[in-house]
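J.: Please find one structure pasted underneath; my questions will follow.
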Amino acid sequence: MSPNKKVALYTLGCKLNFSESSSIARMFEAEGYARVDFNDTPDVYVINTCSVTENADKKCKQLVKKALKINANAFVAIIGCYAQLKPEEIAQIYGVDMVLGASEKFKIIEHINDLEKLEETQVIASKIKEVNSFVPSYSKGDRTRSFLKIQDGCDYFCTFCTIPLARGKSRNHSIAETLKVANEVALSEAKEVVLTGVNIGDFGQGDDENFYGLIKELDTIDGIERFRISSIEPNLLSKEIIEFVAASNKFMPHFHIPLQSGSNTILKAMRRKYLKELYVDRVDTIKKEMPNACIGVDVIVGFPGETEEEFLKTYNFLNELDVSYLHVFTYSERQNTTAIKMDGVVPKEERSKRSKMLHILSDKKRRHFYEQQLGKTFDVLFESEQHDDYLNGFTSNYVKVKVPYAKVLENNILKVELNNIDIDGAVNVTVLEPVNT
């Protein structure tokens, strides 16, 4: 045990990282550490890094510098995707005591023998081919929702992506084991669970169990009122999954489906496992089953070989598609990927211009989607924090709403009517039912 010792975790990147950080924090708490904020003079800093966002090294250095400014004697450990991809590079950052790879991060307590600053950075990172264990995790602390990790790794080798190199092969626990973890989450105050992973639709990897089988079982759990599917590849989003969500009271009519490009030429160069025609089919099927469903799209601009003509194919494709919002990523070169060797490099100024065009399109798409929902009634899960005397929440189909703050509304699911879109882009609502307290 470590009485009176304090630990702070800082997480960069995705929902999956947040779920893992939360589980690692609970490991420290079980050993007697108090979890504190970054600025609260911790004895240990754990920085969970990302490799998808640009400037991973720069962000990591900034955080280490900030940590040592707060406590010059703090023990600093770096984990996450960047730590697996470039452990030796991180080891050169002044003040870093330990770098842990994809498997080792879950044994961090064992690796930290004492909290003395090390003269030489300790690097413990297995080769990614040797990483084959699955460690479930979930976020805890946000009363409203929890991110539940159901899968890790990826067997797809898209030409732009380093995730398989950072997280290894696709893997998961059995449905039965996953349900045990979900039942732990059900004992928390969280009303909504977001299913997360690297490639969650690949759950089971084609064996006897699969993602469809998992969500059917999760749907029966008591104590969890809502499930959301965080992101699922279009080729793995089967018609039976869509139909199941449409019929379920717990799975929300909200899908986030990576597209990456509306040009088949670029999709092939990216080594994606579908063409745009399949994507259209999935969107059409969702809208047929759930007309008010929210559909989010990941798209990359500036991939090598994306001429003006190919970009306009993507722009026009998305403009005509019945989707609700876009997550726009500007292509950035990644070492050890196939794309970095490709011809047709798009100038960065052009990438930036295309990104702005799609961000504007996304704003228009979201506004149009919200306008379509006005005057309708939906169930809203209200958050647990107030913002400028207002309380935010999300409808079942992921419309962001706001009401004047009232503590009694916090972490409650209530029926509302959507009235009008506020200047900040959220929808003002009228709560239609009393709160059970």
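J.: Looking only at region 1-33, count every residue that is closer than 18 Å to S146 by Cβ and either of a type in the set (S, T, Y) or in a loop (DSSP other than H, G, I, E, B) (or both) and tell me the total.
T.: Number satisfying all stated conditions: 7.
J.: Could you grab me the full set of residues in region 174-190 that are surrounded by fewer than 19 Cβ atoms within 10 Å (Cβ to Cβ) and assigned to a loop (DSSP other than H, G, I, E, B)?
T.: Within region 174-190, S174, L187, S188, E189 meet the criteria.
J.: Further, regarding this structure: Which members of region 309-345 meet the condition of being assigned to a loop (DSSP other than H, G, I, E, B), charged (D, E, K, R) and touching a residue at least 24 places away in the same chain (Cβ under 8 Å)?
T.: As a first pass, look at region 309-345 and keep what is assigned to a loop (DSSP other than H, G, I, E, B): 321-324, 331-338, 342-345.
So of that shortlist, the ones also charged (D, E, K, R) come out as 322, 333-334, 343.
Answer for region 309-345, where residues must be assigned to a loop (DSSP other than H, G, I, E, B), charged (D, E, K, R) and touching a residue at least 24 places away in the same chain (Cβ under 8 Å): D322, R334, D343.
J.: Return the total of residues in region 122-173 being aliphatic (A, V, I, L, M) and not in a helix (DSSP H, G or I). Outline the logic, then answer.
T.: Of all residues in region 122-173, those aliphatic (A, V, I, L, M) come to 123-125, 128, 131, 135, 148, 150, 163, 165-166.
The next check asks that each one be not in a helix (DSSP H, G or I); those that pass are 123-125, 131, 135, 148, 150.
Residues that pass the stated criteria total 7.
J.: Then there is this: Scan region 365-421 for residues that are among the hydroxyl-bearing types (S, T, Y), in a strand (DSSP E or B) and over 24 Å from the mean Cα position of the chain (by Cα) and jot them down.
T.: Residues of region 365-421 that are among the hydroxyl-bearing types (S, T, Y), as a first pass: 370, 377, 384, 390, 395-396, 398, 405.
Add one more test, that the residue is in a strand (DSSP E or B), and what stays is 377, 384, 390, 395.
Matches in region 365-421: T377, Y390.
J.: Only one of these is touching a residue at least 60 places away in the same chain (Cβ under 8 Å) and more than 28 Å from Y274 (Cα to Cα): E192, E177. Name it.
T.: E192
J.: Something else: Is it fair to say K276 is in the same structural domain as V181 (by TED's automatic domain parsing), farther than 21 Å from P291 by Cβ and not aromatic (F, W, Y)?
T.: Yes.
Yes/no per residue for (1) assigned by TED's automatic domain parsing to the domain that holds M357; (2) polar (S, T, N, Q); (3) not in a helix (DSSP H, G or I):
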position	(1), (2), (3)
K216	yes, no, no
F227	yes, no, yes
S231	yes, yes, yes
G262	yes, no, yes
I266	yes, no, no
R272	yes, no, yes
D281	yes, no, no
D284	yes, no, no
V299	yes, no, yes
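J.: Let me ask something else about it. In region 372-409, which residues are of a type in the set (A, V, I, L, M), more than 15 Å from E225 (Cβ to Cβ) and either assigned by TED's automatic domain parsing to the domain that holds E192 or touching a strand residue (DSSP E or B) at 6+ places or on another chain (Cβ under 8 Å) (or both)?
T.: Residues satisfying the conditions are L374, L391, V399, V401, V403, A406, L409.
J.: Select from region 34-50 the residues that are buried (at least 22 other Cβ atoms within 10 Å of the Cβ) and either not in a strand (DSSP E or B) or not β-branched (V, I, T) (or both) and list them in ascending order.
T.: Of everything in region 34-50, those that are buried (at least 22 other Cβ atoms within 10 Å of the Cβ) and either not in a strand (DSSP E or B) or not β-branched (V, I, T) (or both) turn out to be P42, Y45, N48.
J.: Name every residue in region 394-409 that is out of contact with any helix residue (DSSP H, G or I) (no Cβ under 8 Å at 6 or more places or on another chain) and free of Cβ contacts under 8 Å to residues at least 60 places away in the same chain, in order of residue number.
T.: F394, K400, V401, K402, P404, Y405, A406, K407, V408, L409
J.: Follow-up. How many residues are under 20 Å from G197 (Cβ atoms) and not acidic (D, E) if we restrict to region 237-268? Let's see the steps before the verdict.
T.: Start the filter on region 237-268 by keeping residues that are under 20 Å from G197 (Cβ atoms), which leaves 237-238, 240-242, 244-245, 248, 250-252, 254-260.
Pick out the ones that are also not acidic (D, E) and you get 237-238, 241-242, 244-245, 248, 250-252, 254-260.
The number of residues fulfilling the criteria is 17.
J.: Just to be sure, is E306 in a loop (DSSP other than H, G, I, E, B) and crowded, with 20+ Cβ neighbours inside 10 Å? Give the derivation first.
T.: Values: in a loop (DSSP other than H, G, I, E, B): yes; crowded, with 20+ Cβ neighbours inside 10 Å: yes.
Judged against the criteria, E306 is a match.
J.: If I filter region 145-166 down to residues being of a type in the set (V, I, T) and at pLDDT 95 or above, which single residue comes out as surrounded by the fewest Cβ atoms within 10 Å (Cβ to Cβ)? Talk me through it step by step, then tell me what you get.
T.: Step one: filter region 145-166 for residues of a type in the set (V, I, T), giving 150, 159, 162-163.
Those left that are additionally at pLDDT 95 or above: 150, 159.
On the way: I150: 27, T159: 18.
Restricting to residues being of a type in the set (V, I, T) and at pLDDT 95 or above, the top hit is T159.
J.: Follow-up question, since we're still on this one. Please go through region 51-63 and pick out each residue that is surrounded by fewer than 21 Cβ atoms within 10 Å (Cβ to Cβ) and either at pLDDT 80 or above or assigned to a loop (DSSP other than H, G, I, E, B) (or both).
T.: Of everything in region 51-63, those that are surrounded by fewer than 21 Cβ atoms within 10 Å (Cβ to Cβ) and either at pLDDT 80 or above or assigned to a loop (DSSP other than H, G, I, E, B) (or both) turn out to be V52, T53, E54, N55, K58, K59, K61, Q62, L63.
J.: Could I ask something else about it? Scan region 43-97 for residues that are touching a residue at least 60 places away in the same chain (Cβ under 8 Å), of a type outside the set (F, W, Y) and closer than 24 Å to Q335 by Cβ and jot them down.
T.: S51, V52, E54, G80, C81, Q84, L85
J.: If you don't mind, another one. Testing Y156 on (1) closer than 13 Å to G197 by Cα; (2) touching a residue at least 40 places away in the same chain (Cβ under 8 Å), one condition comes back false. Which one is that?
T.: Result: Y156 fails condition (1) only.
J.: Only one of K127, K117, K149 is over 20 Å from the mean Cα position of the chain (by Cα) and touching a residue at least 40 places away in the same chain (Cβ under 8 Å); which? Spell out the reasoning first.
T.: Numbers: K127 fails: touching a residue at least 40 places away in the same chain (Cβ under 8 Å); K149 fails: over 20 Å from the mean Cα position of the chain (by Cα).
Exactly one of K127, K117, K149 is over 20 Å from the mean Cα position of the chain (by Cα) and touching a residue at least 40 places away in the same chain (Cβ under 8 Å), namely K117.
The values are calculated or read from the model by the stated rules, or taken from the named source; none is laboratory data. Keep in mind the model is a prediction, meaning the values are calculated, not measured. For neighbour counting, all protein chains shown are included, and Cβ atoms are generated from backbone atoms with ideal geometry for every residue, glycine included.
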